[in-house]
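Just so it is clear, none of the values below were taken in a lab; they were calculated from the coordinates. These numbers were taken from a predicted model, which means no experiment stands behind them. As a convention, Cβ positions derive from the backbone with ideal geometry for all residues, glycine included, and neighbour counts pool all protein chains shown.
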Amino acid sequence: MIDRKYLKAIAGIFVLFAIGLVFFFIFSAPYGDGLEKTMKEAGIEEGEPVYQAPLNYGEDYVTALIAGIVGFGLTIGMGYGFFKLTRKKEEIKETK
């Protein structure tokens, strides 16, 4: 079972992520990134995408927040699982 202090830390990270996402949208939406600005200055139009992702973050805050939280949770879970497996392998080697 996960210790209570880790659950509080995870919840705090999720809250900070949600707040940070708001500020990310505020500052990133009206301005393009470096590649977009360079393409606009050079007069190059964006072509058709080579690959279409199976999921879309959406255009509104709630959809992007949910997709971000799901992705963030999956990443944290896979990292936790990886390190837990690594620890078990080390414990097995130490007992031999």
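Table for the structure above
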read-out	value
Stretchable slack from Ile69 to Tyr51, in nm (0.36 nm times residue separation minus alpha-carbon distance)	4.1 nm
Under DSSP loop assignment and at most 12 Cβ neighbours within 10 Å, longest chymotrypsin sites (Phe, Trp or Tyr not before Pro)-free interval of the chain	52-96
Hz values of 3J(HN,Hα) by residue in the stretch 68-79 - Karplus curve (6.51, -1.76, 1.60), Gly and Pro given as x	x, 5, 4, x, 5, x, 5, 5, 4, x, 5, x
Total charge dipole magnitude, the chain, about the Cα centre, Cβ charges on Lys, Arg, Asp, Glu only, Debye to nearest 20	1040 debye
Computed FRET value (nearest 0.05) for Glu91 with Ile13, which takes r as the C-beta separation and R₀ as 25 Å	0.35
Extension gain from Arg4 to Asp60, taking 0.36 nm per residue of separation minus the Cα-Cα distance	16.8 nm
Principal-axis tilt of helix 4-28 within the chain, Cα atoms, nearest 10 degrees	10 degrees
Charge sum, other residues only, whose C-beta stays under 15 Å from Glu45's C-beta, Lys/Arg counted +1 and Asp/Glu -1	-2
